[in-house]
Structures are given as structure tokens and as C-alpha cells.
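The values are calculated or read from the model by the stated rules, or taken from the named source; none is laboratory data. Here the structure is a predicted model, which is why all the values come from computation and not from measurement. So basically every Cβ, Gly included, is an ideal-geometry build from the backbone, and we count neighbours across all protein chains shown.
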Amino acid sequence: MATGDDIKAACADLAGILRDMLRGVAFTGAGISTECGIPDFRSPGGLWTRNRPIDFESFRSSRQMRDEAWRRRFEMEAAFGGAQPGRGHKALARLLAEGRLAGIVTQNIDGLHQASGVPDTHLVELHGNSTYATCLDCGTRYELGWVRGRFEASGGAAPDCPDCDGPIKTATISFGQPMPGEAMARAGALTAACDVFLAIGSSLVVWPAAGFPVQAKRGGARLVIINREPTELDDMADLVIHADIGDVFEAVGQPEAAAEIARESIWVFSWRRRVLCFEIRIKRLCWLSGAKRSRRYAADGVGRFSAAVRIGLAQLAGSGRRRS
Ligand code: NAD
Ligand code: ZN
């Protein structure tokens with residue numbers, strides 16, 4: 001069970017690792033942006049529990065899905081459009097400026113690393129960017145304001161490309177869409193050369209992105225995982241910190257703040273951890289046995305059950321988390 005003292009000791013270890021780091025890589029997921037007000041996918045109440053993502057094939061083949069995807073995008077803009085970088089983004093921008101990080105590889109699509117001052121030359125966006133759009137057929141870029149004008153004028157219909165009639169989509173990589181070759185290659189090169197790999201705020205279940213921490217570890221780098229909940233790769237990491245990302249980086253800068261971390265009700269934390277470990281084990285079993293279709297149904301069912309239990313626990317604790 002994680003206690004304030006465990007976290008404090010882990011933050012001291014992290015401070016040492018960051019001090020000695022020569023060419024680190026930070027690999028970030030949705031968890032680094034939750035303190036900025038943008039929900040992640042898999043936490044209780046996260047986007048996944050409310051809206052199943054629209055996969056690439058459905059987007060391409062169904063006009064109705066395209067309308068729905070753009071409706072969700074503009075709904076998100078209203079809720080999170082004004083989000084500003086959080087403590088994690090700022091700490092990473094500082095480490096980059098100090099020359100300790102060689103680059104940041106992100107799964108996020110929110111543009112908050114750029115907003116914290118990270119130049120494009122040192123940032124790899126594996127899943128693209130949702131702050132602009134492109135035509136899937138001819139690649140022409142469209143700004144969100146342009147799409148929105150047409151979307152609203154037509155009463156909620158996704159516009160097609162005026163040049164080629166192709167579908168227009170945010171410049172993100174959806175499930176089922178090929179990964180961007182150049183971004184994958186840049187992320188691979190950074191990972192191969194790093195001495196420390198910091199996986200921050202990712203459940204590490206989205207592949208192939210989650211392969212980078214594994215590659216780093218196999219290549220001899222030290223692997224650090226900072227995430228509120230356990231991940232499937234915790235077992236192979238050199239240092240795992242289950243705490244709030246912003247709190248951790250604040251504590252690394254000011255050690256006396258570490259004692260304040262992990263105020264989340266300890267029993268809720270420990271039960272959420274147990275449920276997640278159970279989910280990971282069952283999913284592994286599902287994947288090791290059975291036909292492809294039944295594997296998917298079983299994993300889906302377990303995921304939903306586990307998410308429901310975790311949401312229940314979070315509600316029981318009145319959301320229980322301390323915000324500074
Ligand atoms: P995920 O939702 O699967 O996992 C996020 C993890 O972060 C969870 O395990 C959660 O416990 C942890 N977390 C949340 N807030 C935290 C905090 N304050 N401190 C510590 N840990 C915290 O996200 P993922 O692994 O990035 O994969 C989801 C996919 O969805 C990604 O591909 C990403 O592109 C996309 N996504 C992006 C955004 C964004 O751009 N901000 C938001 C939601 C989803
Ligand atoms: Zn086009």
C-alpha cells in the first residue's frame with residue numbers, strides 16, 4: 001500500500017535520476033493533462049466511459065459517424081478549449097531547456113506541450129493533433145474555425161473537402177488508422193538513444209505507442225513510470241510512482257511538498273489498484289486463449305465491469321482526491 005512516506009522516498013529517487021539524466025525521453029499520455037481540465041480515457045468518469053471512440057473505418061465509411069465525431073470535437077472545444085499547460089508540462093519543458101531531456105514523445109492531441117514552450121523539433125506527436133483538420137484524400141489542411149462555420153451552417157453535417165470531396169478529419173490518429181511513419185521513426189530513434197525513459201500519465205495499453213517503454217528498457221535505459229494507477233509495465237520499471245503527476249514534479253522541485261502527496265483515501269487507492277490488477281490479469285488470460293471475437297468480447301466485458309467498480313469507488317470516496 002502506498003503511503004506518504006513511500007511516495008516521498010520515490011520522489012527523492014526520481015530527483016536523483018533526473019539530476020543524473022543526460023539524454024532522457026519523456027513519454028506522456030492523457031494523465032498529464034487531467035489537471036488542466038481535460039479528462040483522460042480510462043480513469044473513472046474518463047472519456048472512454050462516456051463515449052466509445054469512433055474508429056477510422058467507421059469515420060471513413062459513415063457520414064453519420066463523421067457528423068458525430070465533429071459534434072463531439074466542438075463539444076470538447078467548448079469544455080476544454082481554454083486549457084493551459086499544467087505542472088507536469090512545465091516541469092518537462094524545464095528539463096528540456098536544461099538539456100537533460102532529448103525530446104518528448106506524446107500520445108496526447110491537445111497541443112499543451114507546445115503551449116508550455118516545447119518546440120516542434122523536440123516533440124513527437126504519435127497520435128497527431130486535434131487543433132486542426134486535414135482532408136483524408138488530398139491532405140489539404142483546414143482550420144477548426146473553417147470546419148465549424150460549415151458544420152453549424154448545415155445544422156450539424158460534417159463538411160467534405162471543397163477540392164476533392166474527401167472526408168475532413170481532425171489531424172489525429174484514430175483506432176484502426178495507420179500510425180504516422182515519420183513520428184514513429186523519430187520516437188524510435190529518441191528511445192534507442194535515451195538513458196532514462198519517463199512514462200508519465202499513460203495507462204500504457206495503447207499499442208504500438210506502449211512499445212516504446214519496452215524498447216527503452218530492453219535497450220538498457222532506466223524506466224520510470226509515473227501514473228496514478230498501476231500499468232501493465234510496472235513490473236519491468238526501475239521506479240514506479242503511483243501518485244498525481246503535478247504533485248510529483250512539485251515535490252521533486254520542493255522536497256518538503258512530498259509529504260502532502262497521496263492524500264487520496266488509502267483504502268480507495270488500494271481497492272482501485274486491486275481491481276485494475278484483476279482487470280489486467282483477466283485481459284491477459286483472455287488474449288492467451290480463445291478465438292479473436294470472443295477475446296474481444298471478454299476483454300470488453302471485463303473492462304466495463306472494472307471501470308464501473310472503479311467509478312463506484314471514486315464516488316464512494318466523494319472523489320476523494322486532494323487538489324492543490
Ligand atoms: P489513458 O486514459 O489510457 O490513461 C491515462 C492514465 O493517466 C490513467 O492510467 C490514469 O490513472 C492516469 N492519470 C490520470 N490523471 C492523472 C494524474 N493527475 N496523475 C497521475 N496519473 C494520472 O490515456 P493514454 O494512455 O494517454 O491513452 C489514451 C489515448 O487517448 C491516447 O492515445 C491519447 O491520444 C488519447 N487521449 C488524449 C487526451 C489529450 O490529448 N489530453 C485525452 C484523452 C485521450
Ligand atoms: Zn481533399
Go through region 112-135 and count every residue that is more than 9 Å from ligand 1 (Cβ to nearest atom) and at positive phi.
1
Can you tell me which condition Asp165 does not meet? The list is (1) more than 24 Å from Gly37 (Cα to Cα); (2) at pLDDT 95 or above; (3) within 17 Å of the chain's Cα centre (by Cα); (4) not in a helix (DSSP H, G or I), and all the others hold.
(3)
In region 102-113, what count of residues is obtained for those that are out of contact with any Cys (no Cβ under 9 Å at 6 or more places or on another chain) and buried (at least 19 other Cβ atoms within 10 Å of the Cβ)?
7
With criteria (1) of a type in the set (Val, Ile, Thr); (2) part of a helix (DSSP H, G or I); (3) within 11 Å of ligand 1 (Cβ to nearest atom), Ile109 comes up short on (2)
When the residues of region 141-162 are filtered to those that are part of a loop (DSSP other than H, G, I, E, B) and free of Cβ contacts under 8 Å to residues at least 24 places away in the same chain, which remaining residue is nearest to ligand 1 (Cβ to nearest atom)?
Pro159
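Which one of these is small (Gly, Ala, Ser) and under 16 Å from Ile38 (Cβ atoms): Ala91, Ala78, Ala69? First the steps, then the outcome.
Details: Ala91 fails: under 16 Å from Ile38 (Cβ atoms); Ala69 fails: under 16 Å from Ile38 (Cβ atoms).
Sole residue among the options that is small (Gly, Ala, Ser) and under 16 Å from Ile38 (Cβ atoms): Ala78.
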Could you check region 163-176 and list, in sequence order, the residues that are within 16 Å of ligand 1 (Cβ to nearest atom) and small (Gly, Ala, Ser)?
Ala171, Ser174, Gly176
Out of the residues in region 9-35 meeting the condition of being touching a helix residue (DSSP H, G or I) at 6+ places or on another chain (Cβ under 8 Å) and farther than 28 Å from Gln84 by Cβ, tell me which one is modelled with the lowest pLDDT.
Ala12
If you go through Ala78, Ala83, the only one that is out of contact with any strand residue (DSSP E or B) (no Cβ under 9 Å at 6 or more places or on another chain), aliphatic (A, V, I, L, M) and free of Cβ contacts under 8 Å to residues at least 24 places away in the same chain is Ala78
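Hey, among the residues in region 195-239 that are farther than 15 Å from Thr28 by Cα and in contact with a helix residue (DSSP H, G or I) (Cβ under 7 Å, 6 or more places away or on another chain), which one's nearest to ligand 1 (Cβ to nearest atom)?
Going residue by residue through region 195-239, those that are farther than 15 Å from Thr28 by Cα are 195, 215, 217-222, 230, 232, 234-239.
Still in the running and in contact with a helix residue (DSSP H, G or I) (Cβ under 7 Å, 6 or more places away or on another chain): 215, 217, 219, 222, 230, 232, 236, 239.
Details: Gln215: 17, Lys217: 17, Gly219: 21, Arg222: 20, Pro230: 8, Glu232: 10, Met236: 17, Leu239: 15 Å.
Checking each candidate, the answer is Pro230.
Of all residues in region 144-169 being away from ligand 2 (no atom under 15 Å from the Cβ) and within 18 Å of Gly111 (Cα to Cα), which is surrounded by the fewest Cβ atoms within 10 Å (Cβ to Cβ)?
From region 144-169, those away from ligand 2 (no atom under 15 Å from the Cβ) are 144-145, 148-149, 151-157; that's our starting set.
Imposing the further condition that a residue be within 18 Å of Gly111 (Cα to Cα) reduces the set to 144-145.
Details: Leu144: 18, Gly145: 8.
The selected residue is Gly145.
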Note on Ala153: of the conditions (1) at pLDDT below 95; (2) small (Gly, Ala, Ser); (3) farther than 30 Å from Leu22 by Cβ, unmet is (1)
